[in-house]
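Right, one structure below, let's go through it.
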Amino acid sequence: MVKRQRILITGRVQGVGFRPAVYRIARGLGLSGVVYNDTKGVTIELQGKEEKIAEFLVRLRSDSDKPPLAEIKSWDVVEIPVIEAEGKFTIQTSDSQGSPLSQVTADIATCRDCLAEMADTEDFRYGYPFINCTNCGPRYSIVKNIPYDRPNTTMSVFKMCDKCAAQYTEVTDRRFHAQPVACGECGPSIRLTDSKGKTIETQTERVIAETAHLLSAGKIVAIKGIGGFHLAVDALDNKAVGRLRERKKRDHKPFAMMADSIEKIQKYAIVSESAERLLKTPQSPIVLLPKKPNSTIAPSPAEGVSTYGFMLCYAPLHYLLFEQLNECGTDVLVMTSGNISDEPLICKNDLAQERLGKVADAFLMHDREIYRQVDDSIVHFVDEQPVLLRRARGYVPSPIFTEENCRQEIFAAGADLKNTFCFAKQNQFICSEHIGDLEDAEVYHHYINSIEHLRKLFEVEPKVVAYDLHPGYLSTQHALSLESSKLIGIQHHWAHIASVLAEHGLSGPVIGLAADGTGYGTDGTIWGCECMIASLEKFERFGHLAYYQLAGADKASKEAVRPALSLLKKAYGNKFTLKKFDWLLKRIEPDINRLRIISEQLEKGVNCVETSSLGRVFDAVAAMLGLGSYNHFDAQLPMALEAVIENEIEEQYDFDLTNRTGEPLQLDLGKMVKELIADIQKGLTNSVISAKFHNCLAAGMLEMAKAARESTKLNTVALSGGVFCNRYLTIRCIKLLKKTGFSVLFNQDVPSNDGGISVGQAAIAAQFG
Ligand SMILES: [Zn+2]
Ligand SMILES: [Zn+2]
């Protein structure tokens with residue numbers, strides 16, 4: 001029997017080759033009808049035999065027929081009247097472009113079909129460094145405006161040749177409406193310049209060969225990519241990596257690396273099956289992988305951590321370069337962000353030449369403009385699940401879908417460190433890419449510009465503005481300066497927990513465990529390790545790490561001596577003297593005068609704040625173990641402390657939970673400090689001490705969760721906060737909680753560090769908007 005059905009599909013279905021796929025399947029099955037984009041997604045009308053329509057529906061969702069980038073979110077089928085003598089199936093292209101929310105997609109790594117063409121000497125794009133198609137290539141980084149059409153991208157300056165245009169306009173072609181389509185005849189080109197910008201070479205093959213020679217000779221080359229410049233150097237050349245570190249003024253942060261195959265990465269790191277799958281995804285993130293013992297990678301790319309950050313080539317240019325590098329015998333490149341210390345990633349040619357000219361010996365340039373700078377994303381594995389630590393290229397602007405439509409459009413300002421911001425519109429949270437630390441003036445400037453650009457791009461008119469309670473945050477000050485009908489201040493750790501709820505499509509209540517550095521509390525103190533009963537509507541502080549004092553506000557997050565002294569004084573009370581602990585303190589701060597000053601400051605409470613920060617406890621313990629006493633970058637000491645753990649052990653330090661009526665439960669680490677000091681004196685290894693410390697925290701948080709369950713009968717725990725970027729602690733917590741019968745939620749799509757705050761803020765604001 002002939003029927004006609006209308007199918008409405010939402011999700012990532014525009015700009016990903018969805019209509020041509022529908023067309024191919026429908027024609028193959030002898031169905032008639034039409035497919036078009038609309039403001040919600042894609043609408044298909046299908047007419048034909050009932051069983052053929054049913055087969056169509058199965059095939060469209062199958063891995064072999066669904067376009068690789070498409071993601072179907074919802075699916076709605078209604079029966080409509082049959083149209084007599086309809087003829088063939090057609091694609092209607094003269095429709096509106098659809099919703100701004102569904103048009104702009106993320107930048108996608110080069111697909112297999114394009115790689116095959118690039119290697120085919122008969123193909124007219126043989127060896128072309130900008131080959132792309134509907135299934136791959138730049139998107140978000142080149143879009144200036146909507147509708148997403150070539151004139152609104154940075155490709156507008158390149159006029160398509162006849163061959164490219166023919167593919168672009170042919171509905172059945174892999175390049176149908178692929179906006180960045182180009183070839184050697186009509187598209188962007190590369191060139192090699194010296195550090196001053198003088199062109200050395202322009203012929204594609206010679207540019208690449210010469211770049212490879214420079215790299216294998218130990219030179220630093222700035223390479224323009226998809227979302228910005230990378231600084232590249234041979235990762236096995238210790239001297240060259242050292243030179244890069246010195247010139248980049250980035251003394252300690254680990255460098256990311258790139259290889260052209262899993263086999264190459266496996267020479268240096270342990271790649272699990274799931275890690276291999278993730279490395280090969282179209283998003284192509286940096287994946288943190290355990291180092292192999294005796295790896296020959298220069299020690300300097302990743303000192304003080306137990307992992308290497310590796311990504312596979314993701315742009316055609318990377319593949320062409322690695323082909324030449326292989327001939328020169330170079331395996332792996334350091335590919336670190338092209339910027340100086342904490343400034344924003346550089347994406348413009350002239351700025352790169354100006355800023356990176358002192359760092360790079362040469363530039364591998366191209367003339368396709370990058371409109372939005374997008375860093376590489378970083379992912380690690382927790383409980384076999386990929387977890388984003390930095391969400392940027394490949395993932396942004398993919399939205400997080402909500403169950404219900406937002407009543408009003410929302411802007412969430414985020415936090416000041418690892419900032420992202422977020423818009424809520426219709427049934428989507430659109431979180432920006434990683435912006436950076438706003439205390440840097442240029443990052444702040446970039447933040448303000450980015451908000452405006454994305455607001456226009458997605459046509460958002462926020463009526464509700466959400467911000468962090470910290471009065472000193474620049475993001476907060478910006479939010480408060482906006483004219484909007486409603487301003488909502490949201491406690492930092494509540495936003496962390498809400499970010500977990502948002503990405504799991506839940507509204508709570510749950511038991512929230514936030515393990516964090518610092519965030520402004522509702523009582524004016526600095527919160528950090530919190531147990532809260534939280535939903536998207538409200539939260540109650542159920543328990544927290546017992547307060548200790550931090551001297552010297554801002555300095556306290558860098559200098560470990562400050563929390564170390566404070567925790568010792570708290571644990572030992574008046575039994576503590578500088579002289580008695582001289583043996584320990586001198587490895588943290590050799591200057592006795594400074595120790596005296598900070599010690600007095602703590603006693604008198606001058607410029608001190610009360611805090612339940614967990615991040616600072618990690619700093620203190622790392623310093624006591626002699627692993628360093630200064631955070632040159634965020635979480636350097638905590639990362640070093642995690643890295644010394646060799647094996648999981650079951651022993652742990654003791655702690656107290658104190659329960660005073662009318663007050664939240666308190667987790668007191670006094671016993672832990674004393675036992676840890678005794679272990680250091682006994683000469684126990686750092687590896688064992690660190691594991692016992694981590695186990696103690698996991699056990700302490702478990703006890704808080706159990707008490708919360710006892711009192712509320714809730715059984716779901718949500719974990720969030722920057723300290724949960726620590727894999728050992730997170731895995732331990734999940735294990736203990738699950739063993740005790742809890743179901744456990746944690747961040748995966750947005751970072752558990754402050755990069756996820758804006759999504760949590762948006763989710764809470766959506767309840768009030
Ligand atoms: Zn492709
Ligand atoms: Zn062309």
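The values are calculated or read from the model by the stated rules, or taken from the named source; none is laboratory data. Keep in mind that what you see is a predicted model, and the values were worked out from it rather than measured. When we count neighbours, we look across all protein chains shown, and the Cβ atoms used for this are built from the backbone with ideal geometry, even at glycine.
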Being in a loop (DSSP other than H, G, I, E, B), farther than 13 Å from residue 722 by Cα and either small (Gly, Ala, Ser) or in contact with a strand residue (DSSP E or B) (Cβ under 7 Å, 6 or more places away or on another chain) (or both) is the filter here, so list the residues in the stretch 614-632 that pass it. 626, 628, 629
Out of curiosity, is residue 8 modelled with pLDDT of 90 or more and under 27 Å from residue 104 (Cβ atoms)? yes
Being farther than 22 Å from residue 67 by Cβ and either in contact with a Ser or Thr (Cβ under 8 Å, 6 or more places away or on another chain) or within 16 Å of ligand 1 (Cβ to nearest atom) (or both) is the filter here, so list the residues in the stretch 170-185 that pass it. 183, 184
Check residue 238 against each of (1) within 16 Å of ligand 2 (Cβ to nearest atom); (2) within 29 Å of the chain's Cα centre (by Cα); (3) among the polar types (S, T, N, Q) and name the one condition it does not meet. (1)
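Where in the stretch 403-511 are the helices (runs of 4 or more DSSP H), entirely inside, with at least 1 residues that are over 21 Å from the mean Cα position of the chain (by Cα)?
Result: 441-457, 474-481.
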I'd like the residue in the stretch 201-223 that is more than 23 Å from residue 336 (Cβ to Cβ) and of a type in the set (Val, Ile, Thr) and, out of all such residues, is farthest from ligand 1 (Cβ to nearest atom). 202
Looking at the structure I just gave you, is residue 158 within 11 Å of ligand 2 (Cβ to nearest atom), within 22 Å of residue 392 (Cβ to Cβ) and either out of contact with any strand residue (DSSP E or B) (no Cβ under 7 Å at 6 or more places or on another chain) or touching a residue at least 12 places away in the same chain (Cβ under 8 Å) (or both)? no
I need the full set of residues from the stretch 667-697 which are within 30 Å of the chain's Cα centre (by Cα) and crowded, with 23+ Cβ neighbours inside 10 Å, in order please. 690, 691, 693, 694, 697
If you scan the stretch 131-152, which residues turn out to be polar (S, T, N, Q), surrounded by fewer than 24 Cβ atoms within 10 Å (Cβ to Cβ) and within 16 Å of ligand 1 (Cβ to nearest atom)? 135
All positions within the stretch 560-578 that are touching a residue at least 60 places away in the same chain (Cβ under 8 Å), surrounded by fewer than 18 Cβ atoms within 10 Å (Cβ to Cβ) and not in a helix (DSSP H, G or I): none
Selection count, the stretch 140-155, where residues are touching a residue at least 60 places away in the same chain (Cβ under 8 Å) and in contact with a strand residue (DSSP E or B) (Cβ under 7 Å, 6 or more places away or on another chain): 4
Conditions (1) over 26 Å from residue 634 (Cβ atoms); (2) at pLDDT 95 or above; (3) surrounded by fewer than 24 Cβ atoms within 10 Å (Cβ to Cβ): number failed by residue 765: (3)
Residue check, residue 648 against (1) without any contact (Cβ under 8 Å) to a residue 60 or more places away in the chain; (2) not in a helix (DSSP H, G or I), all met but one. Which one? (1)
Report yes if some residue within the stretch 153-169 is within 14 Å of ligand 1 (Cβ to nearest atom), assigned to a loop (DSSP other than H, G, I, E, B) and surrounded by fewer than 22 Cβ atoms within 10 Å (Cβ to Cβ); otherwise report no. no
Could you tell me how many of the residues in the stretch 163-219 are within 21 Å of residue 132 (Cα to Cα), at pLDDT below 95 and away from ligand 2 (no atom under 16 Å from the Cβ)? 2
May I ask you to list the residues in the stretch 235-253 that are basic (Lys, Arg) and in a helix (DSSP H, G or I)? 239, 243, 245, 247, 248
Condition check: acidic (Asp, Glu), in a helix (DSSP H, G or I), out of contact with any helix residue (DSSP H, G or I) (no Cβ under 6 Å at 6 or more places or on another chain) and closer than 24 Å to residue 641 by Cα. Does residue 710 satisfy that? no
Quick check on residue 232: is it over 27 Å from residue 646 (Cβ atoms), in a strand (DSSP E or B), in contact with a Phe, Trp or Tyr (Cβ under 7 Å, 6 or more places away or on another chain) and among the hydrophobic types (A, V, I, L, M, F, W, C)? no
Name the pairs: first residue in the stretch 167-191 and of a type in the set (Phe, Trp, Tyr), second residue buried (at least 18 other Cβ atoms within 10 Å of the Cβ), Cβ to Cβ under 6 Å, at least 6 apart or on different chains? 168/175; 168/181; 176/20
Among the residues of the stretch 721-762, which ones are among the polar types (S, T, N, Q) and surrounded by fewer than 21 Cβ atoms within 10 Å (Cβ to Cβ)? 740, 743, 748
With the first residue restricted to the stretch 655-668 and required to be β-branched (Val, Ile, Thr), and the second required to be in a strand (DSSP E or B), Cβ contacts under 8 Å at 6 or more apart or on different chains are 658/665; 658/666; 658/668
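If you check 459, 483, 439, which single one turns out to be in contact with a helix residue (DSSP H, G or I) (Cβ under 6 Å, 6 or more places away or on another chain) and surrounded by fewer than 20 Cβ atoms within 10 Å (Cβ to Cβ)?
Of 459, 483, 439, the one residue that is in contact with a helix residue (DSSP H, G or I) (Cβ under 6 Å, 6 or more places away or on another chain) and surrounded by fewer than 20 Cβ atoms within 10 Å (Cβ to Cβ) is 459.
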Return yes when residue 227 is over 24 Å from residue 393 (Cβ atoms), within 22 Å of the chain's Cα centre (by Cα) and assigned to a loop (DSSP other than H, G, I, E, B) and no when it is not. no
Mind checking which pairs have a first residue in the stretch 433-455 that is closer than 16 Å to residue 753 by Cβ and a second that is of a type in the set (Phe, Trp, Tyr), Cβ under 6 Å, 6 or more apart or different chains? 435/447; 438/444; 438/447
